[in-house]
Each structure stands twice: as C-alpha cells, then as structure tokens.
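Visitor: Have a look at this one before I ask anything.
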Amino acid sequence: MKKLKKMLAGLLTVAMVTMIGATSVGAVEYNSISNGTGGIVSADVQGGTVTLNDTFETAELQKEVDQLNTQLKESLSEALGIDKLDLFSVEGAYEGTADINEYHFLTKIYNMDLDVSPAPTKSNPVNVDFICNTTTSNIDVFVLHKCAEDGWELLNTTQSENKVTAAFHSASPVALVYVNKGTDGSGSTGTSPQTGDNQMGLLLLVVAAGLATSGVVFYKKYKNING
C-alpha cells in the first residue's frame, strides 16, 4: 500500500509539474509588442546619431501613427488597409512589391530622427542598426518605413542574433515587422514563435491530464481488487 501511494504521488507530482510548465510556456510571447525588451532597445548609425521617440512632425502624421499603434495585434495588411507594399533590398535597391497579408508587427511604430552627413537618399542610403531582443531564428524581420516621398514601404534587413540592419533613404516613422520563414505571400508554411509555444503548451497539458487520469484509474482498480 505504501508503494502504491508513493507511485500515485509520483504520478500526480509529474502531472502537476507538467501542467505548470505548460502554463508557463503558453504564457510566453516572444514577439510581444511593447517598449523596452519587447521593442527596439537601441539604434545606431555609423558617422552620425539616430534617435527614436514617440513625437512626430505633423499632427496628421501623429494621428495616423497613434491609430496604427492601437492595431499592432492585427496583420500589417489589416492595419494599413492594403495588401502590398514596395520592397527595398538590404542595399537600398527597389526589389518589387511584397504581399503583406502574412506580415505582423514585431514592435510599435517609432519616429526616427537621423543626424548623418551626407543626408541619406535613394541613391546613397545609410545603414541603421537596431537592437531588438524579440527577434527569433524562425522569422524574417523587415522594417516598415514611411518614406517622405512614397509613403509606407518595406525594407529588407540583415539579421545577426538580436541586431537588425536596414538601409534608409530617409528618416521618419519606422517599426520592425516580421513574417514566418517559409511564407510565400499566399499563406504561411512556418510557425510563429508564439503559436508554436502555445501548441507545445497544449500538448503538455494533454500529457499531464493523461498522467493524472492514469494514476486515479490505477488507484481505483487497486482498491477494488484489494478491498
């Protein structure tokens, strides 16, 4: 009887630990949208300075960005109300258009001020490095940028751990956005960090429930057999 109780206690302990672990995993949001660790931690440009803030040049632009920053849980397409954006390469060259239905915000939208000489242009862009601690290996990160001349566009980036680099031909509003690796524009074949973790959490919960149920059934059978 003592051995049975120890066995049952062990099963229940494993189930409880698994359930706690599953809850913890499900609560993690690697691509959280916020300031600090969930946003752009810092930015740097060679030969000058770059600053990020929440104040934009005109009341019209401020209103537009403030509204978009309330829609960060939506896809890029839903927030902007369009399906495609012009895409520029990491060297600053025009690459064509990108279907943004599967793109999502990684950070909020910031106002970016660049103080660098000569001033960036389309023919002579400057590289800006962003540090963001919520980048992961299974997403491709881009910069959503509002060009002073052409409006919203996407800038391709190079990624190295938590550093993202993009070539800018003007300053103005910026945000980091992402798409799951394997996405071709018509639908995602990858899994976002948050979605993957939630699925793992669900699996762990199922395992925990199975362990707990097995322990109870085993105990009841033992009692019936032994009186």
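Visitor: Just the number please: accessible area per residue for the stretch 57-126, 1.4 Å probe, all protein chains included, in Å².
Guide: 55
Visitor: If you take the beta carbon distance between residue 149 and residue 115 as r and set R0 to 22 Å, what does 1/(1 + (r/R0)^6) give as a FRET efficiency, to the nearest 0.05? Show your work: numbers first, answer last.
Guide: Values: r = 20 Å, r/R0 = 0.91.
That pair, residue 149 with residue 115, gives E of 0.65.
Visitor: Just add up the charged neighbours of residue 81: K/R +1, D/E -1, any other residue whose Cβ is under 13 Å from the Cβ of residue 81.
Guide: Computed value for this residue: -3.
Visitor: Roughly what would the spin-label model give for residue 163 and residue 57, points 7 Å off Cα along C-beta, in nm?
Guide: 2.9
Visitor: On the Cα set of the stretch 121-165, report Rg and Dmax in Å, please.
Guide: 11.8, 33
Visitor: Taking only C-alpha pairs under 8 Å that are 6+ residues apart, what is the relative contact order of the stretch 97-172 in percent?
Guide: It comes to 36 percent, rounded to a whole number.
Visitor: Calculate the spin-label point distance for residue 133 paired with residue 44, positioning each point 7 Å from the Cα along the beta-carbon direction, and give it in nanometres.
Guide: 1.7
Visitor: Related question: If you count, for each residue, the other Cβ atoms within 10 Å and average over each peptide, how do 102-111, 141-150, 122-131 line up from highest to lowest? Could the numbers behind the result be given before it?
Guide: Details: 102-111: 22.6, 141-150: 19.0, 122-131: 17.4.
Peptide ranking by packing, descending: 102-111, 141-150, 122-131.
The values are calculated or read from the model by the stated rules, or taken from the named source; none is laboratory data. Just so we're clear, the structure is a prediction, and the values are computed from it rather than from any experiment. Here Cβ is always computed from backbone atoms with ideal geometry, including for glycine, and neighbour counts include all displayed protein chains. We work out accessible area using only protein heavy atoms, side chains counted, and drop any ligands, DNA or RNA first. Shrake-Rupley method; radii C 1.70, N 1.55, O 1.52, S 1.80 Å.
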